[in-house]
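The values are calculated or read from the model by the stated rules, or taken from the named source; none is laboratory data. A quick note: this is a predicted structure, and the numbers were derived from the prediction, not measured. Note that we place each Cβ from the backbone using ideal geometry, even for glycine, and neighbour counts take in every protein chain shown. Please note that ligands, DNA and RNA were not included when accessible areas were found on the heavy atoms of the full protein model with its side chains. Shrake-Rupley method; radii C 1.70, N 1.55, O 1.52, S 1.80 Å.
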Amino acid sequence: MTTTPTRTATPPRALNASRTTATAARVLRQLTHDPRTIALLVLIPCVMLFLLRYVFDGSPRTFDGIGASLLGIFPLITMFLVTSIATLRERTSGTLERLLAMPLGKGDLIAGYALAFGTLAIIQSALATGLAVWFLGLDVTGSPWLLLLVALLDALLGTALGLFVSAFAASEFQAVQFMPAVIFPQLLLCGLFTPRDEMHPTLEAISDVLPMSYAVDGMNEVLRHTDMTATFVRDVLIVAGCALLVLILGAATLRRRTA
């Protein structure tokens with residue numbers, strides 16, 4: 001009696017360009033059918049900057065002082081909210097389970113989501129930076145393109161954080177509840193309200209390991225220096241490294257379904 005050898009399924013490679021781009025294209029197609037999400041991603045940071053400018057209408061220098069920092073913070077927050085909710089919605093609807101049953105690795109899926117939301121982050125950051133610098137009169141010493149770079153990296157960091165925390169939420173409401181835990185402490189300790197070196201030493205030490213601190217520092221470097229400084233390069237690399245690290249953690253903790 002002849003036995004037929006059993007084939008062992010070859011697991012998909014960690015990352016494949018065609019599968020990643022196909023995932024990104026699917027996510028973007030879905031987002032085009034949700035105008036409210038597009039409006040939240042693209043318009044809300046611009047509206048907030050516009051309101052902020054005229055809140056300080058009698059004190060333009062105050063707007064100059066905090067506008068650059070908020071130019072990076074607003075995209076991070078909106079991308080965090082939208083990404084975490086959208087990813088959770090895919091899991092609760094069973095879409096993730098069906099996708100992962102196909103020859104699609106977790107790395108492909110996470111990279112596809114990051115690529116899709118990263119594309120929207122480019123649009124969002126470009127609009128917000130253009131509005132702040134050329135319409136609202138944000139006075140920066142350095143190049144507006146460096147502002148755009150930091151704003152884009154902040155938006156990508158928000159995307160990575162949203163993908164990561166969505167693995168621990170069982171509902172959209174729980175995903176929103178992560179915002180006070182993940183975003184608010186960084187917002188308080190990033191140096192927006194007071195210089196970090198004037199904080200209590202314990203809080204300053206905590207702020208040193210939070211990525212938003214380096215996002216704000218990078219924006220302030222552009223605000224004060226005409227050329228790209230070594231500190232700016234350090235801040236950009238830290239924010240980019242944090243985004244990459246959180247994406248890797250997101251791929252490792254990705255679940256097929258909600259428990």
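Okay, here's what the table says:
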| read-out | value |
| --- | --- |
| Length released on extending from residue 119 to residue 92, taking residue separation times 0.36 nm less the Cα-Cα span | 7.3 nm |
| Label-to-label distance, nm, for residues given as residue 61 and residue 244 (7 Å Cα→Cβ offset) | 4.1 |
| Inter-site label distance for residue 134 and residue 237 at 7 Å from Cα along Cβ, in nm | 3.2 |
| Accessible surface of the range 158-256, 1.4 Å probe, proportion on carbon and sulfur as whole % | 68 |
| Expected-Rg normalisation [2.2 N^0.38 Å, Cα atoms] applied to the chain | 1.12 |
| Exposure rule at most 15 other beta-carbon atoms within 10 Å, DSSP loop trypsin sites (Lys or Arg not before Pro): the chain longest free segment | 14-254 |
| Estimated distance in nm for a label pair at residue 36 and residue 203, the labels positioned 7 Å out from Cα along Cα-to-Cβ | 3.6 |
| Förster radius 30 Å - calculated FRET efficiency between residue 173 and residue 126, Cβ distance, rounded to 0.05 | 0.40 |
| Compactness relative to 2.2 N^0.38 Å, alpha carbon Rg of the range 171-259 | 1.30 |
| Max mean-square fluctuation residue, GNM over the chain, Cα-Cα springs under 10 Å, options 215, 181, 116 | 181 |
| Of the DSSP H helices in the chain, those whose Cα atoms cover at least 27 Å axially and whose Kyte score averages 0.0 or more | 60-92, 106-130, 144-165, 230-253 |
